[in-house]
Every structure is written in C-alpha cells, then in structure tokens.
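The values are calculated or read from the model by the stated rules, or taken from the named source; none is laboratory data. These figures come from a predicted structure and were not determined experimentally. FYI the Cβ positions are ideal-geometry reconstructions off the backbone, even for glycines, and counts take in every protein chain you see.
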Amino acid sequence: MSAVGALDRKLLRDLMRLWAQGLAVALVMACGVMTIIIAVGAHRSLLLTREAYYERYRFAHVVAEANRAPLSLGKAISEIPGVASFEMRISRRVLLDLPQMREPASGQVISLPAHGDPRVNRLLVRRGRLPEAGRANEVAVNEDFAKAHAFRIGDSFSAILNGRKERLQITGTVLSPEFIYTIGPGDMVPDPRRYAILYMPGDVLGPVFDRKEAFNNLVLRLMPGASEPAVRMAADRLLKPYGGMAAYGRKHQMSHAFLDAELDQLAAMARIIPPIFLLVSAFLINIVLTRLVALEREQIGLLKALGYYDRTIAWHYAKLVIAISAVGIAIGAGAGTWLGRGLARLYGEFFSFPFLVFQSSPDLYAIAAGISIAGALAGAMKAILSVLALDPAVSMRPPAPARFGRSLLARLGLANLFSKLTVMAFRQLLHQPVRAALTSLGMALGVALLVTALFARDSVDFMVETVFWRADRQHASLAFGEPAQPSVMAAVRHLPGVVAAEPYLSVPVILSNGNRSRRLAITGKPPATTLSRVLDASFDPTVLPSDGVVISERVAQVLGLTRGGTANVEVLTGRRIATTVRISAVVQSFLGLGVFMDIDALSRLTGEGPRVGGAHLAVDTNTLDALYAAIKSTPAIASLGLQTLSRDKFRETIDRNISIMTTLYLTLAIIIVFGVIYNSARIQLSERARELASLRVLGFTRMEVSQVLLTELLLVVIVAQPLGWALGAGFAMLVTDGFASDLFQIPLVLEPAIFAKASLIVLAAAAGSALLVRRRVDRLDLIRVLKTRE
Amino acid sequence: MTDNAVFAMQDVTKVYRTGGADVWALRGVSAELAAGEVVVMLGPSGSGKSTLLNIMGGLDRPTDGRVSFQGTDLSGASDRELTLYRRNHVGFVFQFYNLVPSLTARENVALVTEIARNPMTPSQALELVGLTERRDHFPAQLSGGEQQRVAIAKQPEVLLCDEPTGALDSATGIMVLEALTTINRTLGTTTAIITHNAGIQAIAHRVFQFVDGRIESMHRNATRLAPSQVSW
C-alpha cells in the first residue's frame, strides 16, 4: 500500500508542477461540460415544465375557429370520438385604453364559461379571482400585463369592446398554458405593456360581440390515443356551416410553436458546441500526456524495473488525466449551473410559466462528467498504451533521436532564402504534421466560435433594416374586426393625421404541394405599394402580378415550391374554396410564412368580392393623439400595430440576447484559443528547451531564440485563420438554420469585418499565451539544460 | 597581463547560494590563456572546472574577481554584452553534442557563421574536420563523434570544451580531439578542454589541475603528443 502512496505523491507533485497546463486543459473541458449542462439542462427544464404545465392546466390539443357557431353544437362536439373535454369560447381582438399610454394597446379577450374555470386551457389564478358570471365590468388579466402596468386587484382600465369603451375592473391575474409566449399584432417579441390577454364572462361577451348563445373559438382536449386528424376533421365538419376554419393542432398554436423552436435551438446547441470542446480537450490531453510520458520515460523504466505492474503505471497516468478532468468538470458544472439558472431567469422574462426551475438533476452532471472523462481518456489512450509498451531496458536508455527530413523548401533550393532560425521553425512543424494540423484546427475552432458570436448582430441589423425600413415602412397597421368593403379606405384616409393609407387583406389558407402543407395567411396588397412592400430576391420592391401568388423563400423551401409551379390552396374562411394557384415569384421575407397576392386577385380567390382586412398607415406624428383618440372610438378597428414601438422593443430584446450570447461565445473562444496555444507552446518549449538553450549559448539573443518558437506558433495561427473563417461561416449557417422557423428567419449576413475581428481577437489571445511562454524562454537555465541529456 | 593573453583571470570566485548554504565553486582562481593555446583542465567533479569554463564563455558571472577577454572585462558585462561576446568569439563543445536536430550539419555550422565573423564557409570548416561527405546529414543521422566534430567546426576564436569525449569510445574520441587540434592549428583557436581523462592532457600546451575550487597546479608540456598517440 505504501508503494501506491509513493506513486500518488508523485501524481500530486506532477499536478502541482503542471498546474498551468492542466488548468488550461481543464478550462477547455469545463466549457464542454458547461455547455452540456446549459443546453441539455435548459432543454429539459423547458420541456418538462411545459409538459407538466400542459397536463395540469389541460392545454388544448386542437383549436378550431369559426365565425359564429351556436352553443347548441356542444352536444355534437361532445360526441366526437376521442374528445375528452372542450370549451366553446368567444375570442376577439380588442383595443385597450391604458393610463400613461398615449397609444392604444391591443389585447385578446376570451370568454369564460358560466361555471368559472374552463375545462380546457385552465387558468392558474395568481392573485384575486376570476370574474363572476353576469358581472359586466369584471376582468381577469394575464400576470405579465398586470406587472408591466403595476396593476393591482381592484384597479381598472378601459377597453374598447366592439367600439364601446368599457371600464373594466381587475378581479384577478392569471396564467394560461395557451399563452406561455405571447406577441401582439405587428410585434416580433413579447411586449406585455402593449399586449394583454383578458378573460371575461361568456354571458357578458356574447351580447357585446353579437354572439349571444354563440361562439367563435373551440378548444378541445383529446383522450389518450385519440387520433388528432380525425378529431380535427370531425370538428371541421360540424363548424363548416358556421364559417369554420380548418382546425389545427398544437403544432400551429403560436405559443407552443415558439417553444418548439426554442427547444430545437437548444438541442442544436447541445449537438454542436460541447463536442467541439470535448474534442479539443482530448487533443490537449493527448499532447500533454504524450510529452509527460516522453519526459518520464526513464522513470517509467525504473518503476518497471522495480517490479511495478504495467497496469499500475498506466493507471497512474490515467489518474492524472482523471484529476485534470475532475477540475474541468467541477468548474464546468459550477459555471453551467450558474449560467443555466441565469438562462432560466431569462426564459422567465419571455415565457409565462407558473414556475421554471433550471433542471440540474444529478444524472445530467453524471452524464456530462462521464462524457468528459471518457473523451479525456480517449485522448490519453495513445500515451497510456505507449507506457504499457515501453520495455524497461529500452526505456532507461535515451530515446532514438528525432529524424528530420529535408523540407520542401530545401528541395526547391529555397532554404537559403530564410534564416536558419526560420528553417528550424518550418522543419519542426513538418516534423509533426498531425500535431501541427490539430493545433491549427483547435485555433480555427476558436476563430469559428468568434465568427459565430459576432455575425448575429450584423444579421439582425440586416433583418431589422429589411423588415422595418425596406419592407414594412408604415407607421401603423390597423386591423378591422371583420373584413370591410374597399370603400372603408376613404374613411381611413380621413382619420386625423393620416398621410397615406394602403389596404391589405389577410386570408387564412392551407397551402400545399403534394403531401407537404402549411397553414398560413395569404396577404393581399395593391400591386404597387409604397408603405408595406414586397421585396424581391435582391431586396428591391416588387410589383405584385395580377394573378398567381408570390411566396417567400421559406415557404418555397418548406413546401418544395419553385417559381412557375403551382400549389394547392384551401381558403379557410367564407366558402372554403379549394383551388390551385401559380407561383409567380419567390421573394424575401424574414417574418412568418410570407405569401403575397394582388388584393383584388385574393378577393376573387375567396369568392367573396372585394374586401379589406385592415390598413397600413403613414401618419403625421404631430397629430398622433388625435389619431389614437379616433382609433379608440372606431368600433370597426380591432387592433393596432405600431412599427416604431415594435422595432424598438425588438431591438432592445435582441440586443440584450445578442450581448449575452456574444459574451458567452467570446469567453468560450478565448478559452479554447488560449488553451490550445499555451499548451502547444509549452510543449514545444519543453521538447526544445535544450535546442533553444544551445542557441543562447551560441550567442543568439533571447529575442532571436523566442523567434524560433514564435515563428512556429505564428505559422500555425496563420494557417488556422482561413480554416476558422470557413468553419465559422459553416457554424453561422448552422445557427441561422437552427433559428429558422415558420415564425421567423434570420438572414445569414457575413461581413468581412466579422472575420477580421474574429482573427484579431484570436491573434491577441495567441500573443498573450505566446508572451507567457516567451517569459519562460527568457528564464531558461542554460547551464543546467545543456548539462543534462534529453 | 602578458601581451598575447586572450583570457586573464584574477582572483575569480564563484559562490552559489542554494537554500541556506553557500557553495563555493571557485575560491580565487588566477590564470591567463595565450592566443592559440590549448589548455587541458583536470580535476575531480565539483572542483570548479566547469564553473570557470562557463564564466570564461559568458554563460555565468563571477561572484568576485575579474575575467577579461582580449582586454575587455567580462565580469561586469550585461546579459546582452555576454550574448554578443558568445556570438562573436566563443564556441562551446559539450558532452551531449548540442546540435539543432532540425538542421543539417552544414546548416548547424551556418547557424553560427550567419551571425558572426568567420574566416571560412561552413563547407570549408566541415572539410577541416573531415565531414564533407556528411554535410547534408541531420544530427540524428550522424554518430556522436561526427556530431561533436560539427560542433567544433563552428570556428570561433575560443573553443571551450566540457568533456567533449565523455560520451564517446576512444577511437571516436581521438577523431574529435584531432578535429580540435586541426582547428587550433589552422585557425589559431584558443582552446580549453575539461576532461576526466588524464591521458588527454598530453595534447595540451599547458595543464591546469583543479582541486576544491582552486587551480592547484599548472604545468607546461615540454612536448605535445598528437591525439592519435594518446590512449585511454
């Protein structure tokens, strides 16, 4: 036992001696562990919390919308096979008139059943109570909205319900599984200040919205094992006579779909980022341990000669690797938990969950630790096997000297062009091409991570520029409660301060090509517009053709459509006409699933004659108050989107998210670059201390001697740059692909400045670690180094 | 100092402070080396030979006393001045070769000739030590004796050799000594050789016997033997 104790003491001393290199490796490994814990932990947190919330609060499996269906359909609905429970609701968009806000806010008002708590999409009452049946002025609001305005129970605000301004008193604040993620009209990110979910008694809302004993929104929960398509078809059949639109499942429910997109991104992060760090740390372990075994060759021989088992010695080195890994795992687990909790808090701001705890269950740490140690041992395997293979008699003699070849330079007769110091650097690199290549690759991954970190801002800038300044240049967008006659535009233009107005019509359809289909809206616009414009492939405004539809690249991609082809379209309103349309162009649109059409052609397609669903406005900003007042008193207007506010909120949210992401990636990149360069340089220094000391003895200055090492490093760093750019462009593409959803797409914008910045940061990190090594060159003990045999 | 002295050392002491204890490596050494002279330094381990050689070569500084090279004081020279001194004047030969493994024999010689004043090209110098055939070989492809001869071929004004034959068999050692004497004869290189091998003293002009940090005795060989006549 005491013999094992001696070896372990050696282990401890080795670790103390190698602390800087060990820490550099451990930090790289920590990044891998940390990203596993963040990505997998956040993925689990979101998924488990969502599932638990959905179950407990009975989130609907199917939603069906209609125009005005009688409550008497309830019996037939309850008889649909597979339906467990359902609620027939009134759901309408409304404008809100809030204290301390000039502009009207928007909201969605949903009816509550007479019995109080709904059976589907149950409400979690956070404070107060739900409104009581028959109480016309009582309302429950979503918690985020109440918080954004610091409303308390008993406070009141005004809402414009079908043109009538009503004073509503808040009886309670609630959460709903239906609105975990909520965005208002025209918005790209949640803004609870300007968008509210209101719950009022059904018997109050029915008469207000001309739907007495009627509903326009049906939510259904299914029995386990029930067929969702069958239920949807049955619901469609029942609702068709009442202006029913095709029922849809959770996949098309806004809040659910957004969470899905977030989950996909986390899964992608878990697949891409941790393996990079695990690979690099395995490589670093490989070079550090290989060097250590080379240095301790004679000691290994001695131990074997003393009668230690091969496996004892191999285990000794494995323990060193495990010890370094343990440090990495501890740091990574700590940082991962801390950042994971931070991420959960960030999610808490975007998502309205009753609770969201970062899931840091022991098995997650066990998995991260297991993977890291396995990766590290895999990296160490070759060196450990070489320990086993060493013959004691051979190992107590010095190793065979390294063999060098005449480089390509020399063969071409170019060697004389360079100083002998440069030739040394070249040959050293070519002597261990695999190691040099892997070192370069490690650094290239650092560059790539930086490119990934830095490109997002430009891409989002481009997206904002395109969406808000080139495409949708209106100040405001009105939506009518019901589609109106085109003559309404004259009234819109007469609203105070309106400088220009363009009509639009949004028609929900199912667009399909073969077995691929999407539920989306076709937006009809006048052929040539100046406010809300459709941009062609080169981001120039385009004129909508008089027939056929114009689709965004995303739609073309998901449905497999090309210009000149045709798609099937099923209109979900009115007469539910099904027909085919020609794809007349593919255009740019980053938001949603953009499909555009000439407004008159769209009206013809629906078979309902010319109609207008809303209007985009350019307004005189000096008379906004008058405009807002007029809008609030116009019954037909159901919602208002304000571009400037949407844009500012989007910018604010995204800027913060990007700052967080950039900081994280920047840290990761610097750690990887530092870890790779510092370790490579230290190992080079260790291998070549004698040679470098010889140079000093020969009369080369410290600067000249460092130059040999630094030239090698520089060559490796230079080779890493283009490789890193290419990898970075690839990562950026993966990231934009990962973000792309039917809700929005981020364009891939890679400005040359991004590559330059990434390279400069890497060069700075490289210079930092090179300087640390240079200081060691300066401290070389010439006499000692030269008197010892390698 | 005599007129043709290259090195002049007066009361040179060197004390290493390791931990709490002072180790006296040199306890007042005074000697001179004349231009073109071959001196062999004998003595037991720890008697101060290597310390003096390192001080003469500008790898180390005396704690006290004075060392001058061609009239220039080395004892107070800066690090940079010592580097330039080594570059321009000194060649070292150690027991373990100290060639750059990634450079060929000729390139190893050129490594020095590129930065210092030299009377010969690397090829000429390698010819002098009998390595013309091997000039494009890397150190790993050369025998120990051949590597040592490459180190000698660097043709400095002063050649300081610390156990140059210590790792070699006698036949190879003799070839190395021949290279040393050839260089000394042809270029007038002042040469100091540390050895444990008393037989080698016969090739020197003078022999310094070290004991306990001092030169206990110096004697001049009346007749020098050629390396081939030496045996050990």
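Among the conditions (1) farther than 30 Å from A:T662 by Cβ; (2) polar (S, T, N, Q); (3) buried (at least 18 other Cβ atoms within 10 Å of the Cβ), the only one that A:T466 does not satisfy is (1).
Search the stretch A:44-60 for residues being assigned to a helix (DSSP H, G or I) and small (G, A, S), and hand back the single one that is farthest from A:A267 (Cα to Cα). Once the filter is applied, the top-ranked residue is A:A52. If the condition is being buried (at least 19 other Cβ atoms within 10 Å of the Cβ) and charged (D, E, K, R), then the stretch B:77-119 contributes B:R86, B:R87, B:R106, B:E107. Of the listed requirements (1) crowded, with 22+ Cβ neighbours inside 10 Å; (2) under 30 Å from A:K165 (Cα atoms), A:D598 misses just one: (2).
Could you say whether any residue in the stretch A:288-301 is under 22 Å from A:A378 (Cα atoms), touching a helix residue (DSSP H, G or I) at 6+ places or on another chain (Cβ under 9 Å) and not in a helix (DSSP H, G or I)? There is at least one residue in the stretch A:288-301 that is under 22 Å from A:A378 (Cα atoms), touching a helix residue (DSSP H, G or I) at 6+ places or on another chain (Cβ under 9 Å) and not in a helix (DSSP H, G or I).
Each residue in the stretch A:690-699 was checked for being over 52 Å from the mean Cα position of the chain (by Cα) and more than 7 Å from chain B (Cβ to nearest Cβ), and 2 of them qualify.
Of all the residues in the stretch A:540-595, those that are surrounded by 17 or more Cβ atoms within 10 Å (Cβ to Cβ) and of a type in the set (S, T, Y) number 5.
When the residues of the stretch A:738-790 are narrowed to those that are β-branched (V, I, T), modelled with pLDDT of 75 or more and assigned to a helix (DSSP H, G or I), which ends up nearest to A:I654 (Cα to Cα)?
Going through the stretch A:738-790, the residues β-branched (V, I, T) turn out to be A:746, A:749, A:754, A:761-762, A:773, A:777, A:783, A:785, A:788.
Now drop any that are not modelled with pLDDT of 75 or more, which leaves A:746, A:749, A:754, A:761-762, A:773, A:777.
Now restrict to residues that are assigned to a helix (DSSP H, G or I): A:754, A:761-762, A:773, A:777.
Details: A:I754: 19, A:I761: 23, A:V762: 26, A:V773: 40, A:V777: 46 Å.
That would be A:I754.
Within the stretch B:194-203, the only residue that satisfies the criterion of being closer than 9 Å to B:L42 by Cα, assigned to a helix (DSSP H, G or I) and modelled with pLDDT of 90 or more is B:Q201. Screening the stretch A:333-441 for helices (runs of 4 or more DSSP H) wholly inside it with 1 or more residues that are at pLDDT 85 or above and buried (at least 18 other Cβ atoms within 10 Å of the Cβ) returns the ranges A:362-389. The set of residues in the stretch A:508-546 that are under 19 Å from A:R604 (Cα atoms), in a loop (DSSP other than H, G, I, E, B) and in contact (Cβ under 8 Å) with a residue 24 or more places away in the chain comprises A:P526, A:P527, A:L544, A:P545, A:S546.
Does the stretch A:110-124 hold any residues that are outside any loop (DSSP other than H, G, I, E, B) and either of a type in the set (S, T, Y) or surrounded by fewer than 17 Cβ atoms within 10 Å (Cβ to Cβ) (or both), and which are they? Working first, answer last.
Of the stretch A:110-124, the ones outside any loop (DSSP other than H, G, I, E, B) are A:110-112, A:124.
Of everything in the stretch A:110-124, just one residue is outside any loop (DSSP other than H, G, I, E, B) and either of a type in the set (S, T, Y) or surrounded by fewer than 17 Cβ atoms within 10 Å (Cβ to Cβ) (or both), namely A:S111.
Residue by residue, here is whether (1) touching a Phe, Trp or Tyr at 6+ places or on another chain (Cβ under 8 Å); (2) at the interface with chain A (Cβ under 10 Å from one of its Cβ atoms) holds:
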| site | (1), (2) |
| --- | --- |
| B:M56 | yes, no |
| B:Q70 | no, no |
| B:F94 | no, yes |
| B:L103 | yes, yes |
| B:E107 | no, yes |
| B:T113 | no, yes |
| B:A125 | no, no |
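Among the residues of the stretch A:125-134, what is the count of those that are outside any strand (DSSP E or B) and surrounded by 15 or more Cβ atoms within 10 Å (Cβ to Cβ)? Don't jump to the end; show me each part of the working.
Taking the stretch A:125-134 first, the residues outside any strand (DSSP E or B) are A:129-134.
When the remaining residues are screened for being surrounded by 15 or more Cβ atoms within 10 Å (Cβ to Cβ), the result is A:130-131, A:133.
Qualifying residue count, the stretch A:125-134: 3.
Which number in (1) within 12 Å of chain A (Cβ to nearest Cβ); (2) over 14 Å from the mean Cα position of the chain (by Cα) marks the one condition that B:P156 misses? Answer for B:P156: the failing condition is (2).
From A:V777, A:V773, which residue is of a type outside the set (D, E, K, R) and within 14 Å of chain B (Cβ to nearest Cβ)? Walk me through how you get there before you give the answer.
On the way: A:V773 fails: within 14 Å of chain B (Cβ to nearest Cβ).
Just one listed residue meets the conditions, A:V777.
Applying the set (1) surrounded by 18 or more Cβ atoms within 10 Å (Cβ to Cβ); (2) more than 19 Å from A:Y678 (Cβ to Cβ); (3) within 14 Å of chain B (Cβ to nearest Cβ) to A:M703 leaves exactly one unmet item: (1).
Could you identify the single residue in B:T181, B:T191, B:T186 that is modelled with pLDDT of 90 or more and either among the acidic types (D, E) or part of a helix (DSSP H, G or I) (or both)?
Result: B:T181 is the single residue among B:T181, B:T191, B:T186 that is modelled with pLDDT of 90 or more and either among the acidic types (D, E) or part of a helix (DSSP H, G or I) (or both).
The single condition among (1) crowded, with 23+ Cβ neighbours inside 10 Å; (2) within 12 Å of chain A (Cβ to nearest Cβ); (3) touching a strand residue (DSSP E or B) at 6+ places or on another chain (Cβ under 8 Å) that B:Q147 does not meet is (3). Residues in the stretch A:77-104 that are in contact with a strand residue (DSSP E or B) (Cβ under 9 Å, 6 or more places away or on another chain), assigned to a loop (DSSP other than H, G, I, E, B) and over 30 Å from A:A626 (Cβ atoms): A:I80, A:G82, A:I90. Taking the stretch B:150-192 as the search range and keeping residues that are closer than 17 Å to B:T121 by Cα, touching a Ser or Thr at 6+ places or on another chain (Cβ under 9 Å) and of a type in the set (A, V, I, L, M), which one is surrounded by the most Cβ atoms within 10 Å (Cβ to Cβ)? Ranking the candidates gives B:I152 first.
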